[in-house]
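Chemist: Handing you this structure, nothing more for now.
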Amino acid sequence: MRLSVGNAVWALAQFPALSQAQFNNPAGVDIWCGKAYRASNSSFDPGGWFGEPPISTVPLLDLRVRPRMSIYLETETTGSLLIDASISYQVGQPLQSSQFARSMPSSAALRVEIFANGILLNTTRITVGSTNNEVPIDLKTISPDLGASNVNIRATLGCNTTYVASTDFFLLPSPDYRGSVSRIDNLYGGLWIQRGDTPWRHIFPYTYYVQWSLYWDDDVTTLDDFSSLGYNVIHIVPTGTLGDNPFPWEKFEPYLDRADKLGLYLQYDVVWDYANLSSMIDQVKHLRSHPSLLLYYQSDEPDGKSNPINSTGIAYKKIRELDPYHPASLALNCYDFYYEDYAAGGDIILPDVYPISSNTSYSTVYDTVCNATYGCCGCDDCNGTFEDISSRLDEFHRRDNLIGWSKTHWFAPQAFGNETFWTRYPTAAEEVVMTMLGINHGAKGIVMWDFPTSVDILNVTNQLATILTSDRMADFILQSPLTMSLTVQGADRVDAAAWVSAEKGQILLSVVNLNYGNHNGDINILFPEGVELASVNEDIWGGVTWSIGDGGNVVTSNGLVGLQASIVILDSI
C-alpha cells in the first residue's frame, strides 16, 4: 500500500535492501510484481504463476475438515468442526464407486469418524456433495496447549471405500494477561474479539490506513478526532519516527492507552526486516497483552517488492509462536506472482486494487506498456474498471479453495489520487461503489488507503461508517451465508449480493451499479431457489424504492442512477 502509491523508484531509494532481496530479475533490472518496468529494460517472464491442478477425467471427493473457530480457549467447553465433502475435478481423491462415476447421486452419505490425537471424538453422517457441515465436539476431550492438536477424519462410502483428511486444532490455555484475544470464524470469515472476561463479539473493521508522520504524530488527541468520525479500528502506518530502531515505545504507548479508552481496536503494522526479526519480536512482545490489539499487519505488498518468497511465512511462524491469540494479515498488490508463497504469511489477505483514474495499459510514469510480463501502471494486470476489484477477490478465493486454505479476505479501496499513476481522487460515489463491491464479493473488513483524504470521500465514508460498523450489519455480513453475483435482469454491470439470516428471518441485499450512466426502467434481482421473500423492511443506503415482484424477485421500476449503491433489508417468509 504505502510503497506502491509512490512508485518503485521511491521504494528502492528508501529501502535499498529491497533491491538486494529481489530474486527473479536480471542484474540491474528494477522490478515490481516480478516485472521489469523501465523503458531501458526488456520484458522477461517473471514466473510465479499460480499452478493449476490438472483436470481429472473422473469425479474427485474433496474431503476437508477445519475448526469452526481458528482458536478456542480452555475456558470453553464446546467447539465444532466444519466438514466438506464436495465433488471436484481438480482437487481430492477419486470416487471409486462405479455408481458415482456414472451418476454421482446427491443422496449418498459418508460415515465420518472424528479423531483428535488418536482418540475418537465423534461420528456423524454427511451427504456427498455437501459443504460446511458443522459437527460439535467436546473440548474437554482435548488438552489445552500452545501448539496444535491433530484432528483427523475418516470417511467411509459404501462398504469399504475410505477417505481421510486432517487439520490443526488450537485449544489454547487462557493467556496469563487479561488483554484481548481475537479469532476468525472459518464458516463466515468474520473476526471475533474478547477483551478480558467480556463475551466474544464480532467486528466488521472499517477504517483507513493513516501514516504516523502525516497525522497521528501531531498529538494523541488525533485519536479522539478520528474515533468521533465513526471508524472502529486504527491502522497506524509506521512512517517517520515510528520507523526508528529501537522502536520509540515512549512515543507510541500513549496512543495505545488512548485507543483503549476510546474503544478503538488496533491493526498493528509490524516494522520488521526479513533478515533480522529482533525488532519484530520486541514489538510483538510489547503488544500481545494490550486490550486494544485486534490483529497484526505483518507485510505490506511483499509480492510487489519481490521480497524473498518465504519471508512472510517466516514472519507468520514467529508471530504465531510469540502470540497465538491474535491473527495476522498482509496486503498483496500483484495479480499473480507467487500468490501461494506470499499469502502463506497471513490469516487475512487484503488485495489492494486501485483502478480509478489510471491508465492500466500504458505507464505514464515509466513510458512503457503494461501487461502480464512487463510494466508498472499502479494496478497490476488491471483493466481500469470496478470489475478489477471483484475479479481479484474472486480469483484469490478460488486459489485458496484449490490450495485447501480457509483464509479470510478484506479489501483496501483507493481513497487517494493526484499522484504518480493516478490523475485524480475517486469521487464519493466511486468510493462507495468500490467498498460495497468488495463486500459483495466476500470482503470481511475494509481498510482504505489513505487518510487524510479528500473532503468528498471523507464525508461519504463517515456516513458509511455508521452503517458498516454497526452490530446490525455485522450480524448479516459476519453471521449469515453470502450469495454473490445474483442474477440481475434489465441492466448490465449491476452487481448484487445477499446475506440470508434464517435466525432473523431477514435478508440483507446490496446492489451496486458499476456504470457511470443511468439504468432506466425495471430492474429485477432474482434470488436462488428456497429463498422466499415477504416484504421490504427498510432502506439502509441509497434511497432506491424496491418491491417484491410476483415471481418472488426484488424489483425497482425507477431504475438506478449512475454509480448508485443500494443497501436494503428484506423480510423472508
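The values are calculated or read from the model by the stated rules, or taken from the named source; none is laboratory data. Quantities reported herein were computed from a predicted structural model and do not represent experimental measurements. Note that each Cβ is placed from the backbone with ideal geometry, even for glycine, and that neighbours are counted across all protein chains shown. The protein model used for the area step is the full one, side chains on, heavy atoms only, and it has no ligands, DNA or RNA in it. Shrake-Rupley method; radii C 1.70, N 1.55, O 1.52, S 1.80 Å.
Chemist: Quick one: how many Å² of Arg68 are accessible to a 1.4 Å probe, rounded to 10?
Modeler: About 40 Å², rounded to the nearest 10.
Chemist: A further question follows. Simple spin-label model, 7 Å along Cα-to-Cβ: Ile573 to Thr78 in nm?
Modeler: Label-label distance for Ile573 and Thr78, simple model: 3.2 nm.
Chemist: Please compute the length gained on full extension between Asp218 and Asp257, using 0.36 nm multiplied by the number of residues separating them and subtracting their Cα-Cα distance.
Modeler: Stretched fully, the Asp218-Asp257 segment lengthens by 12.4 nm.
Chemist: Considering only protein heavy atoms and a probe of 1.4 Å, how much of the accessible area of segment 465-573 is carbon and sulfur, as a whole percent?
Modeler: Working: 2030 of 4690 Å².
Heavy-atom surface of segment 465-573 belonging to carbon and sulfur, 1.4 Å probe: 43 percent.
Chemist: Would you mind putting 242-248, 309-315 in packing order, based on average other-beta-carbon counts within 10 Å, highest first?
Modeler: The densest-packed peptide leads the list: 309-315, 242-248.
Chemist: Over segment 20-98, what percent of the accessible surface lies on carbon and sulfur atoms, probe 1.4 Å?
Modeler: In segment 20-98, the share of accessible area belonging to carbon and sulfur is 52 percent.
Chemist: Right, next: About the Cα centre of segment 20-156, what is the dipole size in debye to 20, counting +1 per Lys and Arg Cβ and -1 per Asp and Glu Cβ, all else neutral? Don't skip to the answer; put the middle values down first.
Modeler: Values: 10 positive and 11 negative charges, 67 e Å.
The calculation lands at about 320 debye.
Chemist: Another question about this same structure. Give the ranking of Met484, Met473 by solvent-accessible surface, highest area first, calculated with a 1.4 Å probe.
Modeler: Working: Met484 75, Met473 10 Å².
If we order Met484, Met473 from most to least accessible, we get Met484, Met473.
Chemist: Under 24 Å Cα-Cα from Lys317, which lysines qualify once same-chain neighbours fewer than 8 residues away are excluded?
Modeler: Counting by Cα, and skipping residues close in sequence, Lys317 has these lysines nearby: Lys285, Lys305, Lys407, Lys444.
Chemist: Please report Rg over Rh for segment 167-240, where both radii come from the alpha carbon positions and Rh follows the Kirkwood definition. Present the calculation step by step, with values, prior to reporting the outcome.
Modeler: Details: Rg = 15.9 Å, Rh = 15.0 Å.
Taking Rg over the Kirkwood Rh, I get 1.06.
Chemist: Can you tell me the FRET efficiency between Asp244 and Asn383 if r is taken as the Cβ-Cβ distance and R0 is 56 Å, rounded to the nearest 0.05?
Modeler: The pair Asp244/Asn383 has a calculated efficiency of 0.85.
Chemist: Oh, and also: Simple spin-label model, 7 Å along Cα-to-Cβ: Glu321 to Ala109 in nm?
Modeler: 4.7 nm
Chemist: Given a Förster distance of 30 Å, report the FRET efficiency between Glu538 and Arg201 from their Cβ-Cβ distance, rounded to the nearest 0.05.
Modeler: Efficiency computed from Cβ-Cβ geometry: 0.85.
Chemist: Sort by residue number and report every cysteine in the chain with no other cysteine beta carbon within a distance under 4.7 Å.
Modeler: Cys159, Cys376
Chemist: Once both labels are modelled 7 Å past Cα along the beta-carbon direction, what's the Asp168-Asp145 spacing in nm?
Modeler: The two pseudo-label positions are separated by 1.3 nm.
Chemist: Hey, can you find the accessible area per residue of segment 239-351 for me, probe 1.4 Å, expressed in square angstrom? All intermediate terms of the calculation are to be shown ahead of the outcome.
Modeler: Details: 3690 Å² over 113 residues.
Counting only protein heavy atoms, the per-residue value for segment 239-351 is 33 Å².
Chemist: Can you give the charge dipole size of the chain about its Cα centre, rounded to the nearest 20 debye, using +1 on the beta carbon of Lys and Arg and -1 on the beta carbon of Asp and Glu?
Modeler: 1280 debye
Chemist: Projected area of segment 439-545, taken from the Cα convex hull and averaged over every viewing direction, in nm²?
Modeler: Values: hull surface 31.4 nm².
Taking a quarter of the hull surface, the average projection is 7.9 nm².
Chemist: Ignoring ligands, DNA and RNA, please state the percent of accessible area on segment 232-385 from carbon and sulfur, probe 1.4 Å.
Modeler: With neighbouring chains kept in place, the figure for segment 232-385 is 49 percent.
Chemist: State the dimensionless ratio Rg/Rh of the chain (Rg: radius of gyration of Cα atoms; Rh: Kirkwood radius).
Modeler: Radius of gyration relative to Kirkwood radius: 0.96.
Chemist: Say the dipole of segment 33-100 comes from +1 at the beta carbon of Lys and Arg and -1 at that of Asp and Glu; which of Ser80, Gln93, Thr57 then lies farthest toward its positive end?
Modeler: In segment 33-100, that residue is Thr57.
Chemist: Also, I was wondering about something else. How high is the relative contact order of the chain, in percent, counting Cα pairs under 8 Å that sit 6 or more residues apart?
Modeler: Across the chain, relative contact order equals 12 percent.
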